[in-house]
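Enquirer: Please find one structure pasted underneath; my questions will follow.
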Amino acid sequence: MRLNLFWQYSFYITGAEALILLSLFLWWRLKGGNPLHLFGGAVLGFFAVIVGVFALNVPITDDNYALLWWAVNHVPSHDFSVIAKGVFEPYNECRIVFARLIACLDLYITGSLHFNHLMYVASIGLLIIVGLFLKQTKGNYRLSLAILFLLFQFQYYDSIFWANSALQNIWSVAFGMLSLHWLVKDDLRHFIFALIAALAASFTYGNGLFIWPIILVYYLFKKNYKFLAISLVMCVGTVAGYFYHFTPIISDVSIWKRLWLAIPFSLILLGGSFQFLYQIYLPLLVGIFILLSFFWMIRVGYYIRHPFVFGVLAYLLLCAFTAGIFRGGRGVAEGLSIRYGIYAIAAFICCAIFWGKEYSAKRKNWHSAILLFAICYHFAANFFFFPEVVLRNEKLKRYVNSLPDKSADWYVSPVIPFESRTIVKEAIREGLYRPSEF
């Protein structure tokens with residue numbers, strides 16, 4: 001019965017969106033209009049409505065520890081120095097300063113922590129990402145629509161409907177892209193903005209530190225030694241501040257084995273957007289395609305003509321390899337984790353822009369083929385992955401509704417850790433969290 005319910009939701013979500021887009025297509029054929037505004041607006045609007053409806057004010061997994069329990073231990077003191085120090089406390093291998101600052105802002109404005117608000121802030125990062133990608137299409141509506149269809153789907157739903165994961169993953173990509181966008185402007189004002197964005201990326205998620213090597217290599221290549229020296233000082237200062245009083249995570253897996261596992265892990269992660277039916281073979285092939293595309297960009301000198309797209313892909317490759325080092329000990333299949341999906345689809349979009357613009361003149365209807373592929377992928381991703389969100393939300397609603405009843409039968413799951421009931425009740429007692437009624 002649960003399986004049947006899964007497929008029902010699949011048909012509901014894809015059918016509703018397909019009807020909307022089909023109606024708009026008929027309107028466009030009859031009345032005309034700007035296809036990018038018409039269809040792009042529909043894709044964005046549909047995505048926004050779904051996020052607004054299905055983003056729950058319920059902590060899952062790391063939300064309980066990284067944000068809610070952290071707030072219980074620091075916010076009630078009302079001591080700015082205690083809270084500020086707590087914001088910079090490491091969590092696992094990261095300093096999630098940005099996520100905690102947003103949580104503090106939500107607490108200050110609303111009086112309690114709303115996890116759905118944090119998801120909305122994370123979704124704003126997607127607008128920055130898509131806006132920067134669309135700048136690279138130079139007004140080509142087919143390629144622009146392909147980017148929108150590729151990005152605004154629910155394969156990576158853990159980086160949409162899991163507050164802490166969404167803020168970390170989406171905004172580490174957004175800040176990294178902003179840094180590179182300003183970097184290639186090659187003037188002092190944008191250089192300052194680029195360094196600020198790089199600093200923000202570093203303290204949003206641990207992999208944000210890898211924006212610095214790209215900045216340094218860029219200025220070395222451009223022979224801008226003044227900006228290179230300043231960037232180097234900023235890089236060293238950021239790394240020193242990041243690892244100050246930092247307790248490393250001890251792993252049972254040797255560093256050499258983790259480095260070896262990082263290679264297949266990172267390839268699977270890069271192709272993770274294509275993990276249909278949760279198998280590793282297609283993601284591995286897509287990951288290899290992305291890596292080969294990167295090397296081909298170097299071969300044809302794409303990094304000279306389009307340093308932004310090349311730099312973004314280099315940054316995403318470094319992020320994927322870093323994840324392989326820290327998470328590879330869990331097995332290469334961990335690379336399929338949907339919370340990494342934003343890195344995977346962003347890397348694939350970089351390749352789509354490269355192949356779409358570099359070879360469109362040699363192939364008739366090349367952009368139309370890319371758009372058709374993006375549409376098929378969009379609907380396949382929503383069909384196979386969105387029902388997971390609905391079914392998980394039902395579980396979370398039952399969990400929240402069981403909180404007042406001490407004798408209620410409840411269960412531990414990957415999204416509801418064992419300690420969550422204690423953490424949530426303590427947060428409610430302190431007035432830091434007010435669960436919604438479902």
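Enquirer: List pairs: first residue in region 304-319 and closer than 16 Å to ALA201 by Cα, second residue small (Gly, Ala, Ser) and modelled with pLDDT of 95 or more anywhere in the structure, Cβ distance under 7 angstrom, at least six positions apart or on different chains.
Expert: Partner pairs satisfying both residue conditions: LEU313/ALA347; TYR315/GLY176; LEU316/ALA346; LEU316/ALA347.
Enquirer: Hey, any hits in region 17-30 for a residue that's without any contact (Cβ under 8 Å) to a residue 40 or more places away in the chain and outside any helix (DSSP H, G or I)?
Expert: no
Enquirer: Would you say LEU282 is touching a helix residue (DSSP H, G or I) at 6+ places or on another chain (Cβ under 8 Å), without any contact (Cβ under 8 Å) to a residue 12 or more places away in the chain and part of a helix (DSSP H, G or I)?
Expert: yes
Enquirer: Among the residues that make up region 3-13, is at least one of them closer than 30 Å to ARG100 by Cβ, among the hydrophobic types (A, V, I, L, M, F, W, C) and part of a helix (DSSP H, G or I)? Lay out the reasoning, then the answer.
Expert: Taking region 3-13 first, the residues closer than 30 Å to ARG100 by Cβ are none.
No - not one qualifying residue is present in region 3-13.
Enquirer: What is the one condition in (1) over 23 Å from PRO59 (Cα atoms); (2) buried (at least 24 other Cβ atoms within 10 Å of the Cβ) that SER172 does not satisfy?
Expert: The single condition SER172 does not satisfy is (1).
Enquirer: Looking at the structure I just gave you, is GLU89 under 20 Å from TRP171 (Cβ atoms), modelled with pLDDT under 85 and of a type in the set (D, E, K, R)?
Expert: Numbers: under 20 Å from TRP171 (Cβ atoms): yes; modelled with pLDDT under 85: no; of a type in the set (D, E, K, R): yes.
Spelling it out, it is not the case that GLU89 is under 20 Å from TRP171 (Cβ atoms), modelled with pLDDT under 85 and of a type in the set (D, E, K, R).
Enquirer: Now for a separate question. Which residue pairs have Cβ atoms under 9 Å apart, sit 6 or more places apart or on different chains, and have a first residue in region 210-239 that is within 19 Å of TYR315 (Cβ to Cβ) and a second that is outside any helix (DSSP H, G or I)?
Expert: Hits for this filter: TYR218/VAL184; TYR218/ASN224; LYS222/ASP186; PHE227/ASP186; THR238/PHE203.
Enquirer: Check off (1) more than 29 Å from SER231 (Cα to Cα); (2) of a type outside the set (Ser, Thr, Tyr); (3) surrounded by fewer than 21 Cβ atoms within 10 Å (Cβ to Cβ); (4) touching a helix residue (DSSP H, G or I) at 6+ places or on another chain (Cβ under 7 Å) for PHE193 and give me the number that stays unchecked.
Expert: The failed condition is (1).
Enquirer: Right, something else. Considering only residues of region 31-41 that are surrounded by 12 or more Cβ atoms within 10 Å (Cβ to Cβ) and in contact (Cβ under 8 Å) with a residue 60 or more places away in the chain, which is farthest from the chain's Cα centre (by Cα)?
Expert: PRO35
Enquirer: If you check SER407 against the conditions, is it modelled with pLDDT under 80 and either in contact with a strand residue (DSSP E or B) (Cβ under 9 Å, 6 or more places away or on another chain) or surrounded by 12 or more Cβ atoms within 10 Å (Cβ to Cβ) (or both)?
Expert: no
Enquirer: Do the conditions hold for ASN224, that is, is it surrounded by fewer than 17 Cβ atoms within 10 Å (Cβ to Cβ), modelled with pLDDT under 95 and not aromatic (Phe, Trp, Tyr)?
Expert: So ASN224 fits the description; yes.
Enquirer: Scan region 1-58 for residues that are modelled with pLDDT under 85 and touching a His at 6+ places or on another chain (Cβ under 6 Å) and jot them down.
Expert: If the condition is that a residue be modelled with pLDDT under 85 and touching a His at 6+ places or on another chain (Cβ under 6 Å), then no residue fits.
Enquirer: Run ASN382 past the list (1) modelled with pLDDT of 85 or more; (2) over 20 Å from the mean Cα position of the chain (by Cα) and report the number of the one that doesn't hold.
Expert: (2)
Enquirer: PHE54 is checked against (1) free of Cβ contacts under 8 Å to residues at least 12 places away in the same chain; (2) closer than 28 Å to PHE386 by Cβ; (3) under 22 Å from the mean Cα position of the chain (by Cα) and fails just one. What number does that condition carry?
Expert: For PHE54, the failing item is (1).
The values are calculated or read from the model by the stated rules, or taken from the named source; none is laboratory data. Computed from a predicted structure; not experimentally measured. All Cβ positions, glycine included, derive from the backbone under ideal geometry; neighbour counts span all protein chains shown.
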